Amino acid sequence: MTAVKHDLGPQRAPSPLPTYPEELESAQRQALRTASLLAAALIVAFSALDRAVTPEHWLALLFVRLAAAAVLLLLERRLRRPGIRTLWIVAAAALVLSVTLEAGIFATGGIRSPYVYAVLLIVAGGSILLPLRPRQALVLHAEMLAVTVLPLLVLVRGREDALELGTRASFLLCTSVLGVAGAAIQDRLRRREHQARAEFARHVGLVHLGTLAGGLAHELASPLTSISLELDVIEALIMPGEHTRHLRSAQQGLSRMRSILDAMRRGARFSDGDQREVDLLLEIEEALVLLQGRLKHRVELVRDYGEVPPVRCQPTLLGQVLVNLVVNAADALHDRPGARVCLRTRRLDGRALIEVQDNGPGVPADLRQRIFEPFFSTKGEGGNGLGLWISAEIARLHGGQLICTEAPGGGSIFRLSLPLTPLPQRI
């Protein structure tokens, strides 16, 4: 299992699935490139309408439209290269379209120009073509309304002009409200779709890991059997003494490895047939036995065990979670004076809690969820970002949960909660 060093800056290992903001940014760039090309073509095509509506101004408007189309094409080329926020490109494109439209409005009658309603094309086009967040949609629509409507205020000469402008502005405002609401709905749907794909990728990853684990278990089974036989021979040859304790510890660790390989060979299906009632305290102590050499003289272990009933689980996989959490805590305390790890058990609201607390630097608040994502590691090249993810999956598929919180006085608490096995009723 992979340990997490909390004192290092976050680094993302390559992930098969981008985060939602990364995915949205890519989709916005692609959509905005398409929208820019389409808008450039349409804005020039409208010069034919200019010639019919205002023949005396159509050449000037054609020049404005060609200039606007050129700017849109430049923006499209800029989107091919990273380094600039998409929102700025969206705002620039909206400004270009709004200014061009405003020129047409002033040239074809001002407040009563038929081009005032052409703002609806920009609003509708932006809402349909661009996958915007609600805040982005709000900024976009507010910009277009301000550029289009506010300059027309200087043309108001009486009550009729004010009523005409107010009527048209109200239609535009309602359309913008609908656009922002639609962006909010679409954003929620995109997030749910992304979460569904992430869940699917998580399950596919587990299948692939199971296939890899099965092959690894097969390859390691024979060497471990040979080592076990050699240890049995050594035990029969040596006299009882100090070395016997170390030999028994090695045999116990080897037995644990065989149990792990058996679970890997079975694919860790988490079925009821693979589960049984276990004593959590014994599982914790077995995990600590495996880590004696790693923790000795480095970390002070504190045991704070409360009374907890048996828990139904797959003991080998639970042991892997416990080993991973303790190793995480020990690595967080590397070369730290007064290093201390506290293991705590208690019962709360029908669940058994196992807490592994350290007095290290802690996990930043903005990473306490991300450390459980697949392929997210704070160890740089030294970690593959799978340890805590697999641990959280084991907890979840047992009906439990693994979370990280801040410890009082500094450090971290990794809390594993598992549902308690109902006790049989006594007659």
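The values are calculated or read from the model by the stated rules, or taken from the named source; none is laboratory data. Everything numeric here is computed off the predicted structure, so don't read it as measured data. All Cβ positions, glycine included, derive from the backbone under ideal geometry; neighbour counts span all protein chains shown. For the accessible areas, the whole protein counts, side chains as well, though only heavy atoms, and no ligand, DNA or RNA atoms are used. Shrake-Rupley method; radii C 1.70, N 1.55, O 1.52, S 1.80 Å.
The phi-based Karplus calculation (6.51 cos²θ - 1.76 cosθ + 1.60; θ = phi - 60°) puts the 3J(HN,Hα) values of region 86-98 at 4, 4, 5, 5, 4, 5, 5, 5, 5, 5, 4, 5, 5 Hz, whole numbers, x for Gly and Pro.
At a Förster distance of 30 Å, what's the computed FRET efficiency of residue 185 paired with residue 37, Cβ-Cβ distance as r, to 0.05? Working from the Cβ atoms, E equals 0.65. Taking label points 7 Å from Cα along the Cα-to-Cβ direction, residue 348 and residue 124 give a separation of 5.6 nm.
Taking all C-alpha pairs of region 272-365, those more than 18 Å from each other amount to 47 percent.
Working note: Debye formula, equal point scatterers on the alpha-carbon atoms of region 36-82, no solvent; log10 I(q)/I(0) at q = 0.15, 0.26, 0.33 Å⁻¹ is -0.41, -0.84, -1.09.
Taken as Cα centroids, region 104-170 and region 296-340 sit 64 Å apart, rounded to the nearest whole angstrom.
Which residues in region 317-335 place their backbone N less than 18 Å from a point set 7 Å from the Cα of residue 285 along the Cα-to-Cβ direction? 319-320, 322-323, by backbone N distance to the label point. Using the 1.4 Å probe convention, the accessible area of region 16-131 works out to 51 Å² per residue with neighbouring protein chains retained. Modelled spin-label separation between residue 163 and residue 245, with each label point placed 7 Å from Cα along the Cα-to-Cβ direction: 10.1 nm.
How big is the C-alpha Rg of region 133-205 next to the rule-of-thumb value 2.2 N^0.38 Å, as a ratio?
Values: Rg = 19.7 Å, N = 73, 2.2 N^0.38 = 11.2 Å.
Output field value: 1.75.
Computed over protein heavy atoms with a 1.4 angstrom probe, the accessible surface ordering of 46, 63, largest first, is 63, 46. In terms of the mean number of neighbouring beta-carbon atoms within 10 Å, the peptides 304-312, 142-150 order highest first as 142-150, 304-312.
For region 16-106, what is Rg from Cα atoms divided by 2.2 N^0.38 Å, rounded to two decimals? Write out the running numbers ahead of the final one.
Working: Rg = 15.7 Å, N = 91, 2.2 N^0.38 = 12.2 Å.
Taking N as the residue count of region 16-106, the ratio is 1.28.
Taking every protein chain into account, the 1.4 Å probe leaves residue 120 with about 60 Å² of accessible area, to the nearest ten. For residue 20 and residue 296, the FRET efficiency from 1/(1 + (r/R0)^6), where r spans their Cβ atoms and R0 equals 41 Å, is about 0.40. Taking amide H atoms as placed 1.01 Å from N in the peptide plane, the amide H of residue 346 lies under 5 Å from those of 306, 353, each 5 or more residues away in sequence or on another chain. Of 334, 141, 57, the residue with the largest accessible area leads and the full order is 334, 57, 141 (1.4 Å probe). For the listed peptides 104-114, 159-169, a ranking on the average number of other beta carbons within 10 Å per residue, highest first, reads 104-114, 159-169.
Compute the Cα gyration tensor for region 92-181, then decide on rounded, prolate or oblate, letting a ≥ b ≥ c be the square roots of its eigenvalues: rounded whenever a/c is under 1.5, prolate when a/b is larger than b/c in the other cases, and oblate in all that remain. It comes out prolate by the Cα gyration axes.
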